[in-house]
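The values are calculated or read from the model by the stated rules, or taken from the named source; none is laboratory data. In this text the structure is predicted, and so the values were computed from the model without any measurement. All Cβ positions, glycine included, derive from the backbone under ideal geometry; neighbour counts span all protein chains shown. These area figures cover heavy atoms from the full protein model, side chains too; ligands, DNA and RNA do not enter into them. Shrake-Rupley method; radii C 1.70, N 1.55, O 1.52, S 1.80 Å.
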Amino acid sequence: MLSTIKHFRYLLTGVMLTFLVSPAFAAKPGKDLLTPDDHALLLIDHQPQMAFATASHDIVELRNNVTGLAKAARAFKVPTILTTVAKKSFSGPLFPELQAVFPKQTPIDRTTMNTWEDDRVVKKFKTTGKKKLVIAALWTEVCGVGPVLSALDEGYDVYFVTDASGGVSKEAHDMAVQRMIQAGAQPITWLQYMLELQRDWSRGSTYKAVTDIAKEHGGGYGLGIIYAKAMFGAEEGH
């Protein structure tokens with residue numbers, strides 16, 4: 001009798017899962033959701049001198065977040081542009097762990113605080129042909145606001161990664177984010193970005209990369225993946 005009940009439960013669970021994931025019940029995703037092929041990523045001024053004065057976020061956390069963001073973009077083959085300001089004369093090199101994600105790419109070094117006022121950066125973005133732009137920057141209130149407002153003004157859809165960016169104070173960061181939202185930008189976080197691109201755990205081509213990134217940079221969520229795999233052989237999407 002007990003085995004019969006267990007068998008019935010397995011059958012019921014299977015029916016419920018089939019119902020939940022059946023394409024017949026799938027709806028079209030929202031147009032504001034990012035996909036791997038509809039945007040480019042612009043990472044601005046993640047450099048030591050800029051980080052020294054960042055007070056809105058813990059620097060260790062910030063470095064973790066922007067590296068996770070960059071690895072997510074690489075995993076989904078998103079065109080990524082690296083840029084620095086006064087690299088040799090003031091701000092120093094790109095965070096080494098961030099440069100290591102794109103070892104062959106030389107960041108575009110600027111003098112402009114507003115990245116959008118450097119023709120090399122804008123031309124590189126426009127050659128991607130993307131209509132959406134995702135940005136993370138130090139500092140939020142200067143090097144984040146400038147290109148976000150400028151790209152919006154040219155008709156692009158802009159997303160700002162709040163936890164891979166930072167300002168000289170919490171108020172400076174928060175007010176800058178509010179200003180960008182009021183202008184039409186959409187705020188996101190780095191982990192939200194990665195999972196939004198994955199969207200479905202049955203997408204096996206990026207499953208391992210996404211879970212590996214989560215294990216390394218996703219804090220408690222990543223630790224949960226390690227635990228579930230070790231203890232139960234668990235795997236999302238199966």
Q: Find how many whole Å separate the alpha carbon centroid of the stretch 117-159 from the alpha carbon centroid of the stretch 211-234.
A: 33
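Within the P(r) computed for the stretch 80-238, what percentage of the Cα pairs occupies the region above 22 Å?
Details: 6421 of 12561 pairs.
For the stretch 80-238, the share of Cα pairs beyond 22 Å comes to 51 percent.
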Q: Only loop residues by DSSP count here, and only those with at most 12 other Cβ atoms within 10 Å; note down the trypsin sites (Lys or Arg not before Pro) in the stretch 97-165 that meet that.
A: LYS104, LYS131
Q. Which percent, nearest 5, of DSSP beta bridges in the chain are antiparallel?
A. 0
Q | Distant-in-sequence amide H partners of GLY167 (H built 1.01 Å from N, under 5 Å) | A | ALA55, SER56, HIS57, THR140, HIS173
Q) Given N residues in the stretch 196-238, what is Rg(Cα) / (2.2 N^0.38 Å)? A) 1.09
Q. Taking 0.36 nm per intervening residue step and subtracting the Cα-Cα distance, what contour gain separates LYS77 from PHE90 on full extension?
A. 1.5 nm
Q. What is the P(r) of the stretch 81-165, as percent of Cα-Cα pairs per 5 Å bin from 0?
A. 3, 13, 25, 28, 21, 8, 2
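Over the stretch 159-232, what per residue volume does the convex hull of the Cα atoms give, in whole Å³?
On the way: hull volume 7.4 nm³, N = 74.
Dividing the Cα hull volume of the stretch 159-232 by its residue count gives 101 Å³.
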Q.
At 1.4 Å probe radius, can you tell me the per residue accessible area of the chain in Å²?
A. 54
Q) What is the spread of the Cα atoms of the stretch 49-112 along each of their three principal axes, largest first, in whole Å? A) 32, 25, 18
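Using a probe of 1.4 angstrom, how much of the accessible area of the chain is carbon and sulfur, in percent? Show your work: numbers first, answer last.
Working: 7880 of 12900 Å².
Accessible surface attributable to carbon and sulfur in the chain totals 61 percent.
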Q: Per DSSP H run of at least 4 residues, take -39500 (n - 2.57); add these up for the chain, divide by its residues and hand me the 222 nm value, nearest 500 deg cm²/dmol.
A: -14500 deg cm²/dmol
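With the contact rule set at Cα under 8 Å and sequence spacing of 6 or more, what percent relative contact order holds for the chain? Write down the numbers at each step before the final one.
Details: 355 pairs, mean separation 52.7, N = 238.
Normalised by residue count, the contact order of the chain is 22 percent.
With all distinct Cα pairs included, what does the Kirkwood hydrodynamic radius of the stretch 136-199 come out to in Å, to one decimal, could you say? Let's see the in-between values first.
On the way: mean 1/r = 0.0855 Å⁻¹.
Taking every pair of different Cα atoms in the stretch 136-199, averaging 1/r and inverting gives 11.7 Å.
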